[in-house]
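Visitor: Take a look at the following structure, please.
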């Protein structure tokens, strides 16, 4: 894996070191995990904002509810959950 240099201030570097020492891992792994959590956080915030917007549009929300009802019928397809 190629590496690059990223400038961070000493406070962040020290925090990374402390977290790495506490978790028994590397600073790079701590940073990687933090970024993954941050990406997930942003994803779910955007997802939730989209649903708020969808609910505000009465017609779009009604169509969403109708589509969900159609998909719910697939739950009674007679297949066992562990069939695969």
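The values are calculated or read from the model by the stated rules, or taken from the named source; none is laboratory data. Source: prediction; values computed, not measured. Neighbour counts are summed over all protein chains in view; Cβ atoms, including those assigned to glycine, are modelled from backbone coordinates with ideal geometry.
Visitor: Do the conditions hold for residue 31, that is, is it in contact with a helix residue (DSSP H, G or I) (Cβ under 9 Å, 6 or more places away or on another chain) and modelled with pLDDT of 95 or more?
Guide: Details: in contact with a helix residue (DSSP H, G or I) (Cβ under 9 Å, 6 or more places away or on another chain): yes; modelled with pLDDT of 95 or more: yes.
Spelling it out, residue 31 is indeed in contact with a helix residue (DSSP H, G or I) (Cβ under 9 Å, 6 or more places away or on another chain) and modelled with pLDDT of 95 or more.
Visitor: Any idea which of 75, 31 is out of contact with any strand residue (DSSP E or B) (no Cβ under 8 Å at 6 or more places or on another chain) and either surrounded by 11 or more Cβ atoms within 10 Å (Cβ to Cβ) or in contact (Cβ under 8 Å) with a residue 40 or more places away in the chain (or both)?
Guide: Numbers: 75 fails: either surrounded by 11 or more Cβ atoms within 10 Å (Cβ to Cβ) or in contact (Cβ under 8 Å) with a residue 40 or more places away in the chain (or both).
Only one candidate qualifies: 31.
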